[in-house]
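Down below is the structure, laid out as structure tokens.
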Amino acid sequence: MTTSHAAAGGGSWKELPKVKLQRKNRLRALSLGAVAVSGALALTACGSDDTGSKGSDSTTSSASASTSSIKCDDAKGQLLSDGSSAQKNAIDAWVRDFSQACGVQINYKAGGSGAGVTAFTQGQIPWAGSDSALKDEEVAASKRVCSGGQGIDLPMVGGPIAVGYNVPGVDNLVLDAPTLAKIFDSKITKWNDSAIAKLNPGVKLPDLKIQAFHRSDESGTTDNFTKYLIATTPDTWKYSGGKAWQAKGGQSAPQSAGVAQQVKQTSGAIGYFELSYVSDGIKAVSIDTGASKPVAPSTDSATADIAAAQVVGKGQDLALQLDYKTKAEGAYPITLVTYEIVCDKGNKADTLPATKAFLRYMASEDGQKVLSGIGYAPIPDAIITKVRSTIEGLS
């Protein structure tokens, strides 16, 4: 408008260079603004999920990582993977950074730990995510696809398994292991049950039916959640555990996103999923561990528990043993570690460079920094240092 007016005789030709500069600056500002908005929208779309998890947090954390520090080496092409839905939000953040730096397309299906391990041992994918370490029979199966080697567990993502609930009027809720076990085994069916009331003095609990949701697919999240119940209240929780849900009753949904969505939209609901899935409409239970105060799920409280984990894997395998029975102050007991499962030797030549480069970034200082901003706990230094060394030796 201003330039056109000047050119039409509204100003002198001596003023025209200044007008052109003003117009150039305005156009540059508009262009930068449009790029910023479109970039923010794209990142938000990648970082969000159908549970209402806040993409802005994941965007901020991912953007803070320096993509210039990512070593691409000979990474190229595409990578297909599958597995733990618990780490999906972390994978999404990592994929954004890595793909931007290296141009590699990564499709992580997040079909659940069971699906990921199966696809890996059948040779369909070069690496998988699982919230449970490989079992002996799965290691044996992996030897058929890892020429001269076997599948190993690399702990990459830590975090609390939040017990999320949707009870109108109840903003703070405390539960312990026996009460949780009875709720998820359909033995406590109302929110104003005396066992819940005893743990929550002064809280007005409604006469509302409990709607307990669990995973319908084989899940490492289920495995870790039930390991906690088995370890802490074996007289109440009498199931053997594993990736498949065993208790009676309740309702099911696929993946962490599905369980969280059901809790969010169902009054009286409760379910278990990673902290990154706690969002508007879902609140998280604090756990009475026997410490002086109940412990809420957070990256810090999960790290306090994971830091005490012991490496129990053999050779290059870095499987961990977690302490579900902790009573340490500020340590949240229902934690999990997601492993990236890969061949130590015998990886396929066409996917090894990209797989190795992506794993290297995930385990790097920048990669681990992404986690705390999106509801996950970085792997403690003593453990992640071993993971980095192991990745460099993959062949």
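The values are calculated or read from the model by the stated rules, or taken from the named source; none is laboratory data. These numbers were taken from a predicted model, which means no experiment stands behind them. FYI the Cβ positions are ideal-geometry reconstructions off the backbone, even for glycines, and counts take in every protein chain you see. Please note that ligands, DNA and RNA were not included when accessible areas were found on the heavy atoms of the full protein model with its side chains. Shrake-Rupley method; radii C 1.70, N 1.55, O 1.52, S 1.80 Å.
Report the calculated FRET efficiency for T266 and V311 (r = Cβ-Cβ distance, R0 = 41 Å), to the nearest 0.05. With R0 = 41 Å, the Cβ-Cβ based efficiency is 0.55. Computed over protein heavy atoms with a 1.4 Å probe, the accessible surface of region 99-164 works out to 35 Å² per residue. Extension gain, A244-N172: 0.36 nm per intervening residue step, less the Cα-Cα distance, totals 22.9 nm. Taking the Cα of D73, stepping 7 Å toward and past its beta carbon, and measuring to each backbone N in region 333-349: which are under 15 Å? Those under the cut-off are 342-349. Once the chain from S252 to A291 is taken as fully extended at 0.36 nm per residue, the excess over their C-alpha distance is 10.8 nm. Element breakdown for region 260-354 at a 1.4 angstrom probe: carbon and sulfur atoms account for 47% of the accessible area. Rolling a 1.4 Å probe over the heavy atoms of the protein chains gives region 255-354 an accessible area of 39 Å² per residue.
Using a probe radius of 1.4 angstrom, the carbon and sulfur fraction of the accessible surface of region 181-231 is 49%. In summary, the lysines within cross-link reach of K314, defined as a Cα separation below 27 angstrom excluding same-chain residues under 8 places away, comprise K135, K143, K227, K243, K325, K345, K348, K356, K386.
In this rough spin-label picture, where each label sits 7 Å from Cα along the Cβ direction, the R144-S194 distance is 5.5 nm.
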